[in-house]
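The values are calculated or read from the model by the stated rules, or taken from the named source; none is laboratory data. No experiment lies behind these values; they were computed from the predicted model shown. Cβ placement follows ideal geometry from the backbone for every residue including glycine, while neighbour counts extend to all protein chains displayed. Ligands, DNA and RNA are stripped out before the accessible areas are found, and what is left, the full protein with its side chains, is counted by its heavy atoms. Shrake-Rupley method; radii C 1.70, N 1.55, O 1.52, S 1.80 Å.
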Amino acid sequence: MRYLDEFRDGDLARRLADDITRIVTRPWAIMEVCGGQTHAIIRNGIDQILPPEIELIHGPGCPVCVTPLEVIDQAIAIAARPGVIFCSFGDMLRVPGSSRDLFQVKSEGGDVRVVYSPLDAVRLAQAHPEREVVFFAIGFETTAPANAMAVHVARQHGVRNFSMLVSHVLVPPAIAAIMTAPRNRVQAFLAAGHVCAVMGLRGYPALAERFHVPIVVTGFEPLDVLEGIRRAVRQLEAGEARVENAYARVVTDEGNTAAQRMLAEVFEVSDRAWRGIGTIPGSGWRLADAYREFDAAIRFDVGGIRTAESPLCRSGEVLQGALKPNECPAFGTTCTPRTPLGATMVSGEGACAAYYHYGRFRAAAPTA
Amino acid sequence: MAETALPGPGGGPDFESWACPLPLRDYPRVVLGHGGGGALSEELVRHLFVPAFGNPALDALGDASLVDVPAGRLALSTDGFVVRPLVFPGGSIGELAVNGTVNDLAMRGATPLYLTAGFVIEEGLAMSVLGTVVARMAAAAAAAGVQIVAGDTKVVERGHGDSLYVTTTGVGVVPSGLPPIGPAQARPGDKVLLSGSIGDHGIAVMSVRESLAFETAIVSDCAALHGLVGCILHDDGRIRVLRDPTRGGLAATLNEIATASAVGIVIDERRVPVKPEVRGACDLLGLDPWHVANEGKCVAVVAADAAAEVLAAWRAHPLGRDAAIIGEVEAGRPGLVATRTSLGATRVVPMPLGELLPRIC
């Protein structure tokens, strides 16, 4: 654990912040893509020790936040069926669908279970051959390899009562979508270290060049985040736009090639809807034709479910950095963590929940 | 449903070693009849509960037990225990059922005296498991110096319970002269103390949950705290609040105190003891150790001039060796708990909403 403590050292963090203050000469808007980085920033108060010129914009990298409402409704429809065991990671259970969430489905008799690995869901399917076991496969490139492996293992072992509701999204197309949005203000990106640990730097140099935007691959501890910001500011100040790897202890240029092979076998790139943002071409994965029999949306015929977001929720603008959470009229009034309108208020990593909980707004800032 | 015989404290007792005529051995698992009020119920009580908890009040087997109570104000508390698995590193539902209620009494400054115990058993529970839980309850009660003087047993059909639920009700006595101790008594300027590291119980239980099962050396901190409380109690009113941060963890407890007392609380994150293994497990699961349950820790809010004295008394006590002054009470921002981070920033510590939900990545 000493290895972690070293990346949380307060004195070193303040020295890094001082260094950033020394090199910054004008305002810069930097987006941290990943929800894990947002969490580290808010939890440690990293934004409070940065010079006022640095504005951090929370990106769309929270998998819970960007899963479309209609996919949540599909999950709820499947989970409510008799004979189904519906498995999900924990933080999806409280995300509201159109009328209820998975916790409510569970309270009404649905067999909804939290699992920590998709392989646990496969094991459940083996243990309950008389039931249909469905795994809610959401997330970025980080969670996708294990999910691909689960489908692969299920087929290998002839587990026919297992399927997945897939809603995987990819980071590089989202970066392109943000940079081409009409109201874009992002001038540099902290790329998600865990995503790059799987995929390597593939696709990022082309993005940096096309949009002339610095991209720094960044980890999740306070010093990682500050070092990512420092490198991004250096590039911005120098007028450079390169891909830098500030997370070399985990990320290599080529990434995890075994995981990439598994992904290529099980999934194929598809257009994908992002909650609050809309459809981004080539930004998701779906099961490849050879594995389509494991697609829960087809097996349970829920692909036709269509739903509309609350017109009051502006989480899409928040996810793209066009609106700060506390600038939304519903923030803290009709929309709170207890009564969330959108997923950015539900997930612990969601920008709106982070603002609400950790007091980035003056009214709740403690005096100390 | 737990299937296998579980070792009792010190390796026994187990089902095979039970004394008494043999009727319970005819039923290696609990059947509905054990809760039916007839001969089987009576055998269960006479051959399991009474020998384990034995004391004159219980031995009389009356409809109610008669006990002596010294002078003072009566403290009452009741709590239900539904932990899974029934046995976990460092404890079991038996120790929890005793210590949990003892601690609720202790947090009001009471000396715990008597407990009652209600068992809701799912049909099919192995007798050996029930025997182990009861033996551990008896050992915990003896260690805490309380008597289990009354009880009740119900058996529910298989599928209508989760092996075993235990409810305990406790009676204690608060000395007449002791000023009120409670969550609404914190005042600006008071210091906040914590008796030791947080998160141990919750992580120990999670480490053996069926869906998690990760390896760790962490054991539950389950313990009776009235000794730890007793060594700091005075009648001068300088001990304002005592709380044991169980479900909801330290974050929930501090928020409850801030709300009830209408004060602000500011904690220095670096002073809150968290074992490296607990922090590592929390990082892995995406949990906040401040939200994880404890069963043997105490938060005290005390007058500033009593803080050093309380700290010294706790550190001299076996359950308080890692005690620390972790923050202070402020007049501003009533109801708000904040923490100074290791980076020197300040953030709000929210009340946890409900279930602990591990993050996806």
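Out of the stretch A:331-344, which residues are farther than 18 Å from residue A:277 by Cα and in a loop (DSSP other than H, G, I, E, B)?
Correct list: A:332, A:333, A:334, A:336, A:337, A:338, A:339.
Given the condition buried (at least 17 other Cβ atoms within 10 Å of the Cβ) and over 21 Å from residue B:279 (Cα atoms), answer yes or no: does some residue in the stretch B:201-221 qualify?
No, the stretch B:201-221 contains no residue that is buried (at least 17 other Cβ atoms within 10 Å of the Cβ) and over 21 Å from residue B:279 (Cα atoms).
Given the conditions (1) small (Gly, Ala, Ser); (2) open to solvent by less than 10 Å² (accessible area, probe 1.4 Å); (3) closer than 30 Å to residue A:154 by Cα, which single one is not true for residue A:316?
(3)
Tell me which of these residue A:90 doesn't satisfy, since it passes every other one: (1) surrounded by fewer than 24 Cβ atoms within 10 Å (Cβ to Cβ); (2) among the small types (Gly, Ala, Ser); (3) more than 14 Å from chain B (Cβ to nearest Cβ).
So the condition that residue A:90 fails would be (3).
Write out, first by first residue and then by second, each pair whose Cβ atoms fall under 7 Å of each other, whose residues are 6+ apart or on separate chains, and whose first residue, in the stretch A:11-23, is facing chain B (nearest Cβ under 10 Å) and under 17 Å from residue A:41 (Cα atoms) while the second is open to solvent by less than 30 Å² (accessible area, probe 1.4 Å) and not in a helix (DSSP H, G or I).
A:13/B:343; A:14/B:343; A:17/A:50
Here is a list of conditions, (1) part of a strand (DSSP E or B); (2) among the small types (Gly, Ala, Ser); (3) open to solvent by 10 Å² or more (accessible area, probe 1.4 Å), and residue B:117 meets all of them except one; can you say which number that is?
(3)
Is there a residue being touching a strand residue (DSSP E or B) at 6+ places or on another chain (Cβ under 8 Å), closer than 24 Å to residue B:41 by Cα and not in a strand (DSSP E or B) anywhere in the stretch B:163-178?
Scanning the stretch B:163-178, I find at least one residue that is touching a strand residue (DSSP E or B) at 6+ places or on another chain (Cβ under 8 Å), closer than 24 Å to residue B:41 by Cα and not in a strand (DSSP E or B), so the answer is yes.
Collect the residues in the stretch A:184-198 that are away from chain B (no Cβ under 14 Å) and either touching a helix residue (DSSP H, G or I) at 6+ places or on another chain (Cβ under 8 Å) or among the acidic types (Asp, Glu) (or both), keeping them in residue-number order.
Selection gives A:184, A:186, A:187, A:188, A:189, A:190, A:191.
In the stretch A:32-54, which residue that is in contact with a helix residue (DSSP H, G or I) (Cβ under 9 Å, 6 or more places away or on another chain) and more than 11 Å from chain B (Cβ to nearest Cβ) is modelled with the lowest pLDDT?
Taking the candidates together, the pick is A:38.
Please tell me if residue A:71 is in contact with a Ser or Thr (Cβ under 8 Å, 6 or more places away or on another chain), crowded, with 21+ Cβ neighbours inside 10 Å and within 13 Å of chain B (Cβ to nearest Cβ).
Answer is no for this residue.
Kindly indicate whether residue A:316 is part of a helix (DSSP H, G or I), among the small types (Gly, Ala, Ser) and under 19 Å from the mean Cα position of the chain (by Cα).
Against the criterion (part of a helix (DSSP H, G or I), among the small types (Gly, Ala, Ser) and under 19 Å from the mean Cα position of the chain (by Cα)), residue A:316 qualifies.
Does residue A:274 meet the test of being surrounded by 15 or more Cβ atoms within 10 Å (Cβ to Cβ) and touching a Gly at 6+ places or on another chain (Cβ under 9 Å)?
yes
Those residues that are among the small types (Gly, Ala, Ser), within 12 Å of chain A (Cβ to nearest Cβ) and open to solvent by 60 Å² or more (accessible area, probe 1.4 Å), I need them from the stretch B:306-344; list them, please.
Selection gives B:331 alone.
Which number in (1) out of contact with any strand residue (DSSP E or B) (no Cβ under 8 Å at 6 or more places or on another chain); (2) within 13 Å of chain B (Cβ to nearest Cβ) marks the one condition that residue A:77 misses?
Exception for residue A:77: condition (2).
If you check residue B:295 against the conditions, is it in contact (Cβ under 8 Å) with a residue 12 or more places away in the chain, surrounded by fewer than 21 Cβ atoms within 10 Å (Cβ to Cβ) and not in a strand (DSSP E or B)?
no
Only residues in the stretch B:220-235 that are closer than 17 Å to residue B:113 by Cα count as the first member; pair them with residues that are among the charged types (D, E, K, R), Cβ under 7 angstrom, at least 6 apart or cross-chain, and list the lot.
Note: pairs meeting the criteria are B:225/B:244.
Looking at (1) surrounded by 21 or more Cβ atoms within 10 Å (Cβ to Cβ); (2) in contact with a helix residue (DSSP H, G or I) (Cβ under 6 Å, 6 or more places away or on another chain); (3) part of a helix (DSSP H, G or I); (4) touching a residue at least 60 places away in the same chain (Cβ under 8 Å), find the lone condition where residue A:58 falls short.
(3)
Determine if the stretch A:280-298 includes at least one residue that is under 30 Å from residue A:356 (Cα atoms), hydrophobic (A, V, I, L, M, F, W, C), modelled with pLDDT under 85 and not in a helix (DSSP H, G or I).
no
Show the residue pairs meeting these rules: Cβ distance below 6 Å; 6+ apart or different chains; first residue within the stretch A:245-256 and over 19 Å from residue A:227 (Cα atoms); second residue modelled with pLDDT of 95 or more and not in a loop (DSSP other than H, G, I, E, B).
A:255/A:198; A:255/A:199; A:256/A:198
Given the options B:281, B:258, name the one that is within 14 Å of chain A (Cβ to nearest Cβ), more than 26 Å from residue B:204 (Cβ to Cβ) and crowded, with 22+ Cβ neighbours inside 10 Å.
Just one listed residue meets the conditions, B:258.
Which residues, counting only those in the stretch A:94-115, are among the basic types (Lys, Arg) and more than 13 Å from chain B (Cβ to nearest Cβ)?
A:100
Got at least one residue in the stretch A:111-119 being at pLDDT 95 or above and more than 30 Å from residue A:60 (Cβ to Cβ)?
yes
Over 30 Å from residue B:153 (Cβ atoms) and within 14 Å of chain A (Cβ to nearest Cβ): is that true of residue B:242 in this structure?
It is false that residue B:242 is over 30 Å from residue B:153 (Cβ atoms) and within 14 Å of chain A (Cβ to nearest Cβ).
Do you know which of the residues in the stretch B:233-249 that are open to solvent by less than 40 Å² (accessible area, probe 1.4 Å) and over 20 Å from the mean Cα position of the chain (by Cα) is nearest to residue B:308 (Cα to Cα)?
B:239
Given (1) in contact with a helix residue (DSSP H, G or I) (Cβ under 9 Å, 6 or more places away or on another chain); (2) within 29 Å of residue B:160 (Cα to Cα); (3) not in a strand (DSSP E or B), where does residue B:63 come up short, assuming only one miss?
Result: residue B:63 fails condition (1) only.
Going by the structure shown, is residue B:252 among the aliphatic types (A, V, I, L, M), open to solvent by less than 20 Å² (accessible area, probe 1.4 Å), part of a helix (DSSP H, G or I) and in contact with a Pro (Cβ under 8 Å, 6 or more places away or on another chain)?
yes
State all residues of the stretch B:88-111 that are open to solvent by 40 Å² or more (accessible area, probe 1.4 Å) and either aliphatic (A, V, I, L, M) or assigned to a helix (DSSP H, G or I) (or both); if no residue qualifies, say none.
B:104 - this is the single residue of the stretch B:88-111 that is open to solvent by 40 Å² or more (accessible area, probe 1.4 Å) and either aliphatic (A, V, I, L, M) or assigned to a helix (DSSP H, G or I) (or both).
Could you list, in sequence order, all residues of the stretch B:39-60 that are open to solvent by 40 Å² or more (accessible area, probe 1.4 Å) and not in a helix (DSSP H, G or I)?
B:54, B:60
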